[in-house]
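What follows is a short report on a single structure.
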Amino acid sequence: MSCEYLLLIFGLLMILGIALQRLWIGLFVKFKLGQTPKDYGPKRHILLKAGTPTMGGAIFIVLTIVALLFVKESYATKGEMFVLWWLAFGGGAVGLLDDLLKIARRSSEGLTLRQKLLAQIMVAIPWAWIAANQVPLYLLSSSSPLGFKTSFFILCFFAVGLYNALNITDGLDGLAAGASIASMVALLWTLEIPSCRLSLIIGLACALSFLWYNSHPARVFMGDVGAHFIAGLLMGNVVMSGYILLILPVSFIFGIEIISVILQIISFRCFGGRRIFKMSPLHHHFELCGWQEEHIVVRFWLIHIIGISLLGALIGWQVM
């Protein structure tokens, strides 16, 4: 698949994505639908972000289907297609259900934590089973391939973990989308597998066209559907590379965010209600410290890029 063809797909999807996101926002405004911020989040979110159109990630699914239907070349086997896209579409379906429940209830609560976790695991299990059979997985390029059982459990763990980590990161205007763009660019730079390059071009077009309206002040949020879709796409590409530890640089800022939540819960429950952060995830801590939202977002993007670079160098990231 030529570079010119990929650029054409990217440009056309960008134009279509910007147009569809605009229509999506108009639809939500017309029917007076929108985001309901969590009661336990920062107070300014309740004041400033309530009623903002959401589920912009649903357009990611539409754009991807359009792109895959119109690509003429036989660029991927059925196995590659499954490994690349199952987590994205399956996770997107879970996120879509969660978002629809929130909108129907006009609440910040959709699926319960247990229901969402169970649904994520159910999506991850068949994917991990087939991926562990399809793709020889290594920790590092110099190591021996992992066994099936080890690969299966590692893939399940990271898939579910990345779903939740990216979802947690999606709390400030442009934060998750911008960080995801950096991750996809890094993967596109190093993966020479045609099916991976196409999937990343599609993902970049989705995220960048969404960022047109999601930059501060956001006119639309991606919702759980978008966060799950992007997480699945990133995970699929990491596995196609064959080197599972690539998940560490690719998900650097997402990992920091979810670790901050875990540490906060452990501290609160084990040390008599003491908190490490003013609020978790970490971006809310800096909000309560008085940082401007735009500053937090850009600095987190930069930290993510630094993390990708340093961890990538540490594990010996190379062109594949």
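Does any residue of the stretch 260-271 turn out to be modelled with pLDDT under 95 and buried (at least 17 other Cβ atoms within 10 Å of the Cβ)?
No, because not a single residue in the stretch 260-271 is modelled with pLDDT under 95 and buried (at least 17 other Cβ atoms within 10 Å of the Cβ).
Hey, G171 hits all of (1) more than 26 Å from I121 (Cβ to Cβ); (2) more than 12 Å from the chain's Cα centre (by Cα) but one; which does it fall short on?
(1)
Hey, among V62, V94, V83, which residue is modelled with pLDDT of 95 or more, under 22 Å from C206 (Cα atoms) and touching an Asp or Glu at 6+ places or on another chain (Cβ under 8 Å)?
Only one candidate passes the filter, namely V94.
Taking the stretch 277-297 as the region of interest, how many residues are part of a helix (DSSP H, G or I) and either touching a strand residue (DSSP E or B) at 6+ places or on another chain (Cβ under 6 Å) or free of Cβ contacts under 8 Å to residues at least 40 places away in the same chain (or both)?
4
Does G26 satisfy the criteria of being assigned to a helix (DSSP H, G or I), more than 22 Å from L111 (Cβ to Cβ) and in contact (Cβ under 8 Å) with a residue 40 or more places away in the chain?
No, not satisfied.
Conditions tested, residue by residue: (1) at pLDDT below 95; (2) under 19 Å from the mean Cα position of the chain (by Cα); (3) crowded, with 19+ Cβ neighbours inside 10 Å.
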residue: Q35; (1), (2), (3): yes, yes, yes
residue: D39; (1), (2), (3): yes, no, no
residue: K43; (1), (2), (3): yes, no, no
residue: K49; (1), (2), (3): yes, no, yes
residue: A58; (1), (2), (3): no, yes, yes
residue: F70; (1), (2), (3): yes, no, no
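Suppose the filter is exposed (fewer than 15 other Cβ atoms within 10 Å of the Cβ), part of a helix (DSSP H, G or I) and either on the phi < 0 side of the Ramachandran plot or of a type in the set (K, R) (or both); does G79 pass it?
Criteria met by G79.
Is at least one residue of the stretch 102-119 of a type outside the set (G, A, S), buried (at least 22 other Cβ atoms within 10 Å of the Cβ) and on the phi < 0 side of the Ramachandran plot?
Within the stretch 102-119, not a single residue is of a type outside the set (G, A, S), buried (at least 22 other Cβ atoms within 10 Å of the Cβ) and on the phi < 0 side of the Ramachandran plot.
Within the stretch 188-234, restricting attention to residues that are of a type in the set (S, T, Y), assigned to a helix (DSSP H, G or I) and at pLDDT 95 or above, which residue is surrounded by the most Cβ atoms within 10 Å (Cβ to Cβ)?
Across the stretch 188-234, the extreme among qualifying residues is S199.
Name, by its number, the condition in (1) touching a Leu at 6+ places or on another chain (Cβ under 8 Å); (2) surrounded by fewer than 21 Cβ atoms within 10 Å (Cβ to Cβ); (3) among the β-branched types (V, I, T) that does not hold for I130.
(1)
Quick one: what pairs do we get from the stretch 261-274, first residue touching a residue at least 60 places away in the same chain (Cβ under 8 Å), second of a type outside the set (F, W, Y) and assigned to a helix (DSSP H, G or I), C-beta under 7 Å, 6+ apart or different chains?
That search, which allows pairs on different chains as well, returns V261/I168.
Can you name the residue in the stretch 145-187 that is hydroxyl-bearing (S, T, Y) and in contact (Cβ under 8 Å) with a residue 40 or more places away in the chain and, of all such residues, is surrounded by the most Cβ atoms within 10 Å (Cβ to Cβ)?
My answer is S180.
The values are calculated or read from the model by the stated rules, or taken from the named source; none is laboratory data. This is a predicted model, so every value here is computed, not measured. We place every Cβ from the backbone using ideal geometry, glycine too, and count neighbours over all the protein chains shown.
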